[in-house]
Amino acid sequence: MSPYPHLFQPLDLGFLTLANRVVMGSMHTRLETMDRPIERIARFYVERARGGAGLIITGGFSPNDEGLMEPGAPIFNSAEQMAEHRPVTDAVHAAGGRIALQILHAGRYARIPEAVGPSAIASPINSNAPRRMSEADILRTIEDYAATAVLAREAGYDGVEIMGSEGYLINEFTAPRTNDRTDAWGGSVENRLRLGTEIMRRVRARTGRDFLIIFRVSSIDLVEGGLTAEEIVAEARAVEAAGADIINQGIGWHEARVPTIAQKVPRAAWAFAARRLKEAVRIPVIASNRINTPEVAEAILARGDADLVSMARPMLADPEFANKAREGRADEINVCIACNQACLDLIFSKRVATCLVNPKAGREIEFDAPAPVDPKRIAVVGAGPAGLACAVTAAERGHAVTLYEAQGRIGGQLNLARNVPGKEEFDETLRYYGRRIERLGVALQLGRRPEADELATAGFDAVVVATGVIPRVPTIPGIGHAKCVSYVDILSGARQAGPVVAVIGAGGIGFDVAEFLTSAPQEVAAAPEHFRAEWGIDTAIAGRGGLGREAAAAPGRQVVMLQRKPGRMGRGLGVSTGWVLRLLLAKRKVAQVSGVTYGRIDDAGVHISVEGVERVVSADTVVVCAGQEPERSLYDALVARGVAAHVIGGAERAAELDAMRAIDQGTRLAYSF
Ligand code: NAP
Ligand code: SF4
């Protein structure tokens, strides 16, 4: 029997049976719009179908020109576009999968001059004010949805998902926040729900009874002027009555100031809102967001919170998620750590999404090189992210790999990062690599720091140096004072900070340290109740949008962050997650001083001047987070001995190092052997 009996129960919809309850949720990937040979898109979905997902939902396609997210965004409104879809649906079906097309009209989130909405009210995240839709616009848009659904059916899709949440057009009609109409499409709840239900009804009428239609309902808007609990129930019932087969759970508008999918969101934090939908209707409900392991998914189904689970980013991280879970190999799953770094943040910077822990995602055809016929003996020195990725990928390709690590455990800097609240998800990455090392027979030598001579004479065909970084010690007078500690000491727990702390350096690590020093302990912060209290989430959704009163930040340490650059701090943080950290630190009254010139550090604290004005930042502890330098002494010694070694990760370049670059570089180097 499967260790996850609920997850692997087929779902019989009468006209269609899904093999299991694992749904690959819709994601923007830019695969459809950039550098897009159709084989690349087909391959991306095929890998997930082969990997056992019961249903795949594509990224959103607009039903018309006004609904585009941005110029050139995906649209499906003409038979001529069929050639962009047929190869995908055929390939997914050949792989035994099921696939539905998501229809998404961006409404006032559209970054195009033609954007429309129920009212001419601009969104706080898009300065483009939408044009108020006329009655004729509305009726045409309903027909456009239906026409796209018909095209989807002709293109071979098993169904469609109508995107009714996340603050897009349909959601905008439902909420007083964005709908001030006084005609039949605004005012009463029936009127506000009319657009979504009419679209649902029309799509059903045009596509027939034997075509899967999923409707995504916003289960909690998380914005002022959003829906109440009763209105959400009314919407779910209305779309069920209009012919939906399945309801998918949407969570929060994109403009919400509450994180919905970031690492700060505990696993399954939104299951309560899925349950509310499930209790409202008889049709199956999909639970979504921050569900990233089979255990979490199974628990949601076993509790009866939902009938299926949507996992989008976890399918980037590991296309074989479902097969591994079904076969009892969950410990081999490469789990999504919710960092957003290589998926959403790349999308926002107009690049194609991939995955930090799986650089092959979305780039499958770049990794098609057959395994080499002449396996090599490879030494990898350093078992941080770069070395781990290189070692296991090389071993997967048939090479005999020896992996040296100076510490008593693998992980390098990940062992520090994992101590920051939310970042304990890195434990999953460490578990994954540990298991891969075992399965692939990588010879792991812990507590070993091989010398260049040993490596040069051991008969390796290739030596990879992934020795990482060493913290930079700035040349500030008094930096050797007893109150100065490195971020390594603080995050590793070797040293405890006092009640008043100055942080030197406000890069990613400076922010992490400020968060670490002001947060509740990791196990408390990981509890959904704590998260909901901190962000003021009202599970009863008694008021509009489900926003309640935020719990006052517990008086804790007094922290001051310092940086030499002028201007706002945290500009280099991830686009999709940096605002969460900035907001949290503001709530906790962490002070931030930019444009600092350091004078000295002494018993009084850190002496600084800002625009010529001198002051002392008092501190019991000064945590130095001033970046890193490459640790490349081994590499230099190898080169001096004439060994053509490879250097990767922080040892190659410490600036702007992150796990995404390290894992990508290690993986790609392994393919070159
Ligand atoms: P970083 O981002 O380069 O930041 C270093 C900080 O130290 C800067 O604020 C810099 O600001 C300051 N600094 C540099 N040299 C200094 C000196 N000589 N004296 C005093 N201050 C100095 O490095 P990091 O914070 O160590 O992070 C390392 C990498 O990990 C980064 O690339 C980052 O992307 C990644 N990371 C990312 C996240 C994330 O949020 N996703 C979290 C952790 C780490 P000034 O020069 O203006 O003073
Ligand atoms: Fe998950 Fe991070 Fe990969 Fe995105 S980049 S899929 S959040 S692990």
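The values are calculated or read from the model by the stated rules, or taken from the named source; none is laboratory data. What you are looking at is a predicted structure, and each value in this text was computed from that prediction instead of being measured. Cβ placement follows ideal geometry from the backbone for every residue including glycine, while neighbour counts extend to all protein chains displayed. We work out accessible area using only protein heavy atoms, side chains counted, and drop any ligands, DNA or RNA first. Shrake-Rupley method; radii C 1.70, N 1.55, O 1.52, S 1.80 Å.
If R0 is 45 Å, the Cβ-Cβ spacing of Asp210 and Glu656 corresponds to a FRET efficiency of close to 0.30.
Phi angles across the range 653-659 convert, under the Karplus curve 6.51 cos²θ - 1.76 cosθ + 1.60 with θ = phi - 60°, into 3J(HN,Hα) values of 8, 7, 4, 6, 6, 8, 4 Hz, Gly and Pro given as x. Expressed to the nearest 5 percent, the antiparallel share of DSSP beta bridges inside the range 1-133 is 25 percent. Accessible area per residue for the chain is 38 Å², calculated with a 1.4 Å probe on protein heavy atoms, without ligands, DNA or RNA.
Non-local lysine pairs in the chain, meaning eight or more places apart or on different chains, with alpha-carbon distances under 19 Å, amount to 5.
Rounded to the nearest 10 degrees, the inclination of helix 426-440 to the longest alpha-carbon principal axis of the chain is 80 degrees. Pair-distance distribution of the range 537-673: all C-alpha pairs, bin width 10 Å, starting at 0; shares per bin in whole percent are 9, 23, 25, 21, 16, 5, 1, 0.
A crude spin-label estimate for the pair Ala83 and Ile125, with each label 7 Å from Cα along the Cβ direction, gives 3.5 nm.
Calculate the FRET efficiency for Ala482 and Val575 from the Cβ-Cβ distance with a Förster distance of 30 Å, rounded to the nearest 0.05. Efficiency computed from Cβ-Cβ geometry: 0.15. All C-alpha to C-alpha distances of the range 419-492, sorted into 5 Å bins beginning at zero, yield P(r) values of 3, 9, 12, 16, 16, 14, 13, 9, 5, 2, 0 percent in whole numbers. Taking the longest Cα principal axis of the chain as reference, the axis of helix 578-587 is set at about 80 degrees. Length gained on full extension, Phe15 to Ala371: 123.9 nm, using 0.36 nm per residue less the C-alpha separation. Comparing the range 9-147 with the 2.2 N^0.38 Å rule of thumb, its C-alpha radius of gyration ratio is 1.18 (two decimals).
Binning all Cα-Cα separations of the range 1-61 at 5 Å, short to long from zero, yields these whole-percent fractions: 4, 16, 21, 22, 15, 10, 7, 3, 0. Of the solvent-accessible surface of the chain, computed with a 1.4 Å probe and all protein chains present, 51% belongs to carbon and sulfur.
Where the convex hull is taken over the Cα atoms of the range 151-202, what is its projected area averaged over directions, in nm²?
Working: hull surface 16.5 nm².
So the Cα hull casts an average projection of 4.1 nm².
The base-10 log of I(q)/I(0) for the range 614-673, evaluated at q = 0.16, 0.22 Å⁻¹, reads -0.66, -0.96 [Debye formula, identical scatterers on Cα atoms, solvent excluded]. Under 5 Å from the amide H of Ile251 lie the amide H atoms of Glu166, Ser219, each residue being 5 or more positions distant or on a separate chain, with H modelled from the backbone and absent for Pro and chain starts. Where only DSSP H runs of four or more residues are counted, the chain gives -9000 deg cm²/dmol as its mean residue ellipticity at 222 nm, each run worth -39500 (n - 2.57).
Shown in residue order for the range 43-54 are the 3J(HN,Hα) couplings computed by the Karplus curve 6.51 cos²θ - 1.76 cosθ + 1.60 at θ = phi - 60°: 4, 4, 6, 4, 4, 6, 5, 4, x, x, 4, x Hz (x for Gly and Pro).
The range 565-639: Rg/Rh from Cα coordinates, Kirkwood Rh? Here the Rg-to-Rh quotient is 1.10. Can you work out ³J(HN,Hα) from phi for every residue in the range 510-527, in order, using Karplus 6.51 cos²θ - 1.76 cosθ + 1.60 and θ = phi - 60°, giving whole Hz and x for Gly and Pro? Using θ = phi - 60°, the values come out as x, 5, 4, 5, 4, 5, 4, 6, 10, 8, 5, x, 3, 5, 6, 4, 7, 7 Hz.
For the chain, the longest principal axis of the Cα atoms and the long axis of helix 271-280 meet at an angle of about 10 degrees.
Straightening the chain between Asp602 and Val616 buys 4.1 nm, computed as 0.36 nm per residue apart minus the Cα-Cα spacing. Expressed per residue, the C-alpha convex hull volume of the range 312-454 stands at 136 Å³.
The modelled label-to-label distance between Glu550 and Ser609, using points 7 Å beyond Cα along the C-beta direction, is 3.7 nm.
A cut-off of 5 Å between modelled amide H atoms, ignoring neighbours fewer than 5 places along the same chain, links Leu444 with Leu403.
Treating each Cα of the range 252-332 as an identical point scatterer and ignoring solvent, apply the Debye formula and state log10 I(q)/I(0) at q = 0.13, 0.17, 0.25 Å⁻¹. Calculated log10 I(q)/I(0) at the listed q: -0.43, -0.72, -1.24.
Placing a label point 7 Å from the Cα of Asp65 along the Cα-to-Cβ direction, the residues of the range 115-142 whose backbone N falls under 17 Å from that point are 115-117, 131-134, 137-138, 140-142.
For the chain, what does the equivalent ellipsoid look like in terms of its semi-axes, each the square root of 5 times an eigenvalue of the Cα gyration tensor, given largest first in whole Å? Could the numbers behind the result be given before it?
Values: eigenvalues 392, 212, 91 Å².
So the three semi-axes of the chain are 44, 33, 21 Å.
If one computes P(r) from the Cα atoms of the range 365-411, what percent of pairs lie at distances over 15 Å? Roughly 45 percent, once rounded to a whole number. Using the Cβ-Cβ distance between Ser2 and Arg140 with R0 set to 51 Å, the FRET efficiency from 1/(1 + (r/R0)^6) comes to roughly 0.60. In the range 100-239, one over the average inverse separation of all distinct C-alpha pairs is 15.1 Å, which is the Kirkwood hydrodynamic radius.
For Arg600, the amide hydrogen comes within under 5 Å of the amide hydrogens of His607, counting only partners 5 or more places away or on other chains and with H modelled in the peptide plane. Sites count as exposed loop sites when they are trypsin sites (Lys or Arg not before Pro), lie in a DSSP loop, and have at most 11 other Cβ atoms within 10 angstrom; the longest stretch of the chain without one is 1-208.
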